[in-house]
Amino acid sequence: MISSCVVSLLNKPSLFLKGSRRLHLLNKNAYINGQWVSAGSKAVFPVINPADDKVITEVPDMEAADAKAAVDAASSAFKTWKDTTAKERSYILRKWYDMCAKNTDHLAQIITAESGKPLAESKGEIVYGNSFLEWFADTARHINGEVIPSPWPNKTIMLTRQPLGVVSVITPWNFPFAMITRKVGALMAAGCTCVIKPAEDTPLTALAAAKLAEEAGVPKGVINVVTSSRKNAPAIGKVLCEDPNVGCISFTGSTHVGKILYGMASKGIKRVSLELGGNAPFIVFPSADIEHAAEHAMLAKFRNNGQACVGANRFLIHKDVFDTFVQAFKKRIAKGCIMGPGTKEGVTCGPLINTEQAKKVTGLVDDALSKGAKALIGGKPAVEIGSKFYESTILTDVKPEMKIYAEEIFGPVAVCHKFETEQEVVAIANGTRSGLGSYVFTKDLGQAFRMSRQLDFGMVAINDGILSAAEPAFGGIKESGIGREGSKHGVEEYTDIKYTLFSALDK
Ligand code: ADP
């Protein structure tokens, strides 16, 4: 239950008081072995509302020993969870889905409070994130094996899928609910248990989701949540990667941290599932419906204020339609990007998540402008609204010597370049070590198929700015990651194939 001291910390009490019947979703303890616990050291760290810089509450600042206790709990729970029937696991996942659906408004309020995204987007994230629980509740009952004709007489070859064991789930702040459900839904369906380490900016959503899992009947130890500040993340990460009881590390976050975790996982030859940074091209050819492309540019760029790994990072526009596209895009930004706190009616663009992100975006744009780039709209922080707000921006005349040319921006800044030929744009688009999402706008069917083949990205959207759902396989190539989430392939990340040979049983 929420304490009176937490209520006094809520500087926007109305945000939560509307849903006061369900205030227990705001939890300030971590969750290990079915218990709501503080850190062994009793240390805490604050969770900040990025819209007003005020403290929402404090949560345990856990250390390696706490992570070890969580891994032990998950390992112990695995012994029984792995032997539950697929039908039982499906039933429990479905109940968790129902609980989250019923509590959409309350979960959304927590997401908005700690991540800053507008309430409507937070609700959208619950629907999207919850679709993975629904999907994997179904998938759980279809993790089938194979019986293969044997090359030898009187022998049978059987392949079955075995759960990997304890999965360490390390998640980012940009989709604090969905990044958990698409991993945990899949791993639970497969028969694994987990320790979740949510991002330090957004631990409250993870704790709220765990609370609903507990209420849905997820057995103790199957899901554990270890919260920590950024300072303690490396020590916890080491346990979550190197403990011999961990079978898999499932991470979504930056390529930089992904490489550190991959290195640690390699010591124990652990399975990894890595969803890392992107550098998505958004390509518009002359045959495209330009108004449609501009509308979808809004979705691909400004969802979560540009803070998404599949967010469009480089707008590559054919020279014949460049001016028409940027004007249509600018018009939409001027009308559709309304900055403010996510709780305010009508707001579509919240703050950036933290001071580092705000500094990064400001630095990239300032560098580009100082070297000759032009801001068609926006181009500076919106300090009059709050310390982490940044204007929705279009930059043109960006050159390779500017830092913003090659970096993943992760903010509301659309960099628009001109190109002349299909061959040229493919080379520009593929000229990156990232390969997650990509977007192409064309009405030429042949060109659409060529783009699908030639773009070195895990995902290609033709004439659409949104491509993520539970049904398709989400994931990247090159330095954007390893493995796929969602689809029927999502559970494969958390299973090994076991080969059993049956021989000499009929003698
Ligand atoms: P972002 O740039 O989106 O914050 P990060 O990759 O920095 O992405 O962080 C994603 C997640 O990885 C967060 O939960 C963060 O606490 C965690 N993290 C960061 N560094 C480490 C580390 N060395 N070991 C384990 N987890 C880490």
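The values are calculated or read from the model by the stated rules, or taken from the named source; none is laboratory data. On a predicted model such as this, the values are computed, not experimentally measured, just so you know. Positions of Cβ are generated from backbone atoms using ideal geometry, with glycine treated the same way; all protein chains shown enter the neighbour counts. What goes into the accessible areas is simple: the full protein's heavy atoms, side chains included, and nothing from ligands, DNA or RNA. Shrake-Rupley method; radii C 1.70, N 1.55, O 1.52, S 1.80 Å.
Here are the numbers:
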quantity	calculated
Test: Ser273 is assigned to a helix (DSSP H, G or I), away from the ligand (no atom under 11 Å from the Cβ) and either in contact with a helix residue (DSSP H, G or I) (Cβ under 6 Å, 6 or more places away or on another chain) or open to solvent by 10 Å² or more (accessible area, probe 1.4 Å) (or both)	no
Any pair with Cβ under 6 angstrom, 6 or more apart, that starts in the stretch 141-164 at a residue that is modelled with pLDDT of 95 or more and ends at one that is among the aliphatic types (A, V, I, L, M) and assigned to a helix (DSSP H, G or I)	Arg141/Ala86; Ile143/Val491; Pro163/Ala190
Subset of the stretch 234-248 [open to solvent by less than 20 Å² (accessible area, probe 1.4 Å) and closer than 25 Å to Ala43 by Cβ]	Ile236, Gly237, Leu240, Cys241, Asp243, Val246
Residue satisfying condition, being under 18 Å from the mean Cα position of the chain (by Cα) and charged (D, E, K, R), within set Lys238, Lys211, Lys259, Lys220	Lys259
Subset of the stretch 200-217 that is assigned to a loop (DSSP other than H, G, I, E, B) and surrounded by fewer than 24 Cβ atoms within 10 Å (Cβ to Cβ) - its residue that is nearest to the ligand (Cβ to nearest atom)	Glu200
Which listed residue is modelled with pLDDT of 95 or more and open to solvent by 10 Å² or more (accessible area, probe 1.4 Å), from Ile260, Ile317	Ile260
Subset of the stretch 187-199 [among the β-branched types (Val, Ile, Thr) and either farther than 26 Å from Arg141 by Cβ or within 12 Å of the ligand (Cβ to nearest atom) (or both)]	Val195, Ile196
Residue within the stretch 93-104 that is within 20 Å of the chain's Cα centre (by Cα) and under 30 Å from Tyr390 (Cα atoms) present	yes
Selection from the stretch 401-431 of residues that are touching a helix residue (DSSP H, G or I) at 6+ places or on another chain (Cβ under 9 Å) and in a loop (DSSP other than H, G, I, E, B)	Met402, Glu407, Glu408, Ile409, Phe410, Gly411, Pro412
Residue in the stretch 218-249 that is farthest from the ligand (Cβ to nearest atom), counting only those that are in contact with a Cys (Cβ under 8 Å, 6 or more places away or on another chain) and either of a type in the set (Gly, Ala, Ser) or more than 13 Å from Pro198 (Cα to Cα) (or both)	Val222
Selection count, the stretch 443-469, where residues are open to solvent by less than 60 Å² (accessible area, probe 1.4 Å), touching a strand residue (DSSP E or B) at 6+ places or on another chain (Cβ under 7 Å) and over 20 Å from Ile290 (Cα atoms)	5
Selected residue (only one of Pro176, Pro172 is part of a loop (DSSP other than H, G, I, E, B), touching a strand residue (DSSP E or B) at 6+ places or on another chain (Cβ under 9 Å) and touching a residue at least 60 places away in the same chain (Cβ under 8 Å))	Pro172
Some residue of the stretch 244-254 being part of a helix (DSSP H, G or I), within 30 Å of Ile32 (Cβ to Cβ) and among the hydrophobic types (A, V, I, L, M, F, W, C)	no
Number of positions in the stretch 347-390 that are under 25 Å from Ala199 (Cβ atoms), in contact (Cβ under 8 Å) with a residue 24 or more places away in the chain and of a type in the set (D, E, K, R)	2
Val195 vs. criteria β-branched (Val, Ile, Thr) and either open to solvent by 10 Å² or more (accessible area, probe 1.4 Å) or outside any helix (DSSP H, G or I) (or both)	yes
Of residues in the stretch 260-270 being free of Cβ contacts under 8 Å to residues at least 12 places away in the same chain and in a helix (DSSP H, G or I), the one nearest to the ligand (Cβ to nearest atom)	Gly263
Selection status of Gly253, open to solvent by less than 10 Å² (accessible area, probe 1.4 Å), within 10 Å of the ligand (Cβ to nearest atom) and modelled with pLDDT of 95 or more	no
Identity of the residue in the stretch 125-167, touching a Cys at 6+ places or on another chain (Cβ under 9 Å) and part of a loop (DSSP other than H, G, I, E, B), that ends up least open to solvent (accessible area, probe 1.4 Å)	Gly165
